[in-house]
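In what follows, a single structure is set out as structure tokens and then discussed.
The values are calculated or read from the model by the stated rules, or taken from the named source; none is laboratory data. Treat the numbers as computed from the prediction; the structure is a model and nothing was measured. We place every Cβ from the backbone using ideal geometry, glycine too, and count neighbours over all the protein chains shown. With ligands, DNA and RNA removed, areas are computed over all heavy atoms of the protein, side chains included. Shrake-Rupley method; radii C 1.70, N 1.55, O 1.52, S 1.80 Å.
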Amino acid sequence: QVQLVESGGGLVQAGGSLRLSCAASGSIFSINAMGWYRQAPEKQRELVATITSAGTTNYADSVKGRFTISRDNAKNTVYLQMNSLKPEDTAVYYCNAHIQKRDAVLMYSYWGQGTQVTVSS
């Protein structure tokens, strides 16, 4: 069994900062790409940022220069530092990871349960 557990969401004023964490646990052999996605009410889930196991990053245009994704491979954890937050960043943020389990050959995509981020104006 593999689990992704997110933490760090909450309520913050516009211009403030939050740091999200997502730890993967369970029968893990390797983790490839990890990332963060978000879904606002009545909108589709969208990519926020991704990072490969080698550290290559990719960001949505809407968060470039404000958000930073990083990971600690020893801890199977990915982080999202969010600065200069705007009300339009309000959403449920989901962690995603491509994981190969110890007893498997293929990699599968796993999702966390989501953490609410609310930015007040």
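Scanning the stretch 65-76 for residues that are closer than 15 Å to A49 by Cα and open to solvent by 60 Å² or more (accessible area, probe 1.4 Å) gives G65, T68.
Restricting to the stretch 65-121, name every residue that is over 24 Å from Q44 (Cβ atoms) and of a type in the set (D, E, K, R). Scanning the stretch 65-121 gives R71, D72, K75, K101, R102, D103.
Mind listing just one residue for me: the one in the stretch 1-13 that is loosely packed, with under 14 Cβ neighbours inside 10 Å and either of a type in the set (S, T, Y) or at pLDDT 95 or above (or both) and, of those, nearest to Y79 (Cα to Cα)?
The initial filter retains those residues of the stretch 1-13 that are loosely packed, with under 14 Cβ neighbours inside 10 Å, namely 1, 3, 7, 10-11, 13.
Still in the list and also either of a type in the set (S, T, Y) or at pLDDT 95 or above (or both): 3, 7, 10-11, 13.
On the way: Q3: 16, S7: 10, G10: 15, L11: 18, Q13: 20 Å.
The qualifying residue nearest to Y79 (Cα to Cα) is S7.
In the stretch 77-121, the qualifying residues are those that are in contact with a helix residue (DSSP H, G or I) (Cβ under 8 Å, 6 or more places away or on another chain) and over 14 Å from R66 (Cβ atoms), and the one that is surrounded by the most Cβ atoms within 10 Å (Cβ to Cβ) is S120.
Among what's in the stretch 19-41 and is open to solvent by 20 Å² or more (accessible area, probe 1.4 Å) and of a type in the set (F, W, Y), pick the residue that is nearest to Q113 (Cα to Cα). It comes out as Y37. Put simply, of R38, R102 the only residue that is at pLDDT below 95 and touching a Phe, Trp or Tyr at 6+ places or on another chain (Cβ under 6 Å) is R102.
The strands (runs of 3 or more DSSP E) falling completely within the stretch 52-118 that include 2 or more residues that are more than 14 Å from the chain's Cα centre (by Cα) map to 91-101, 107-111.
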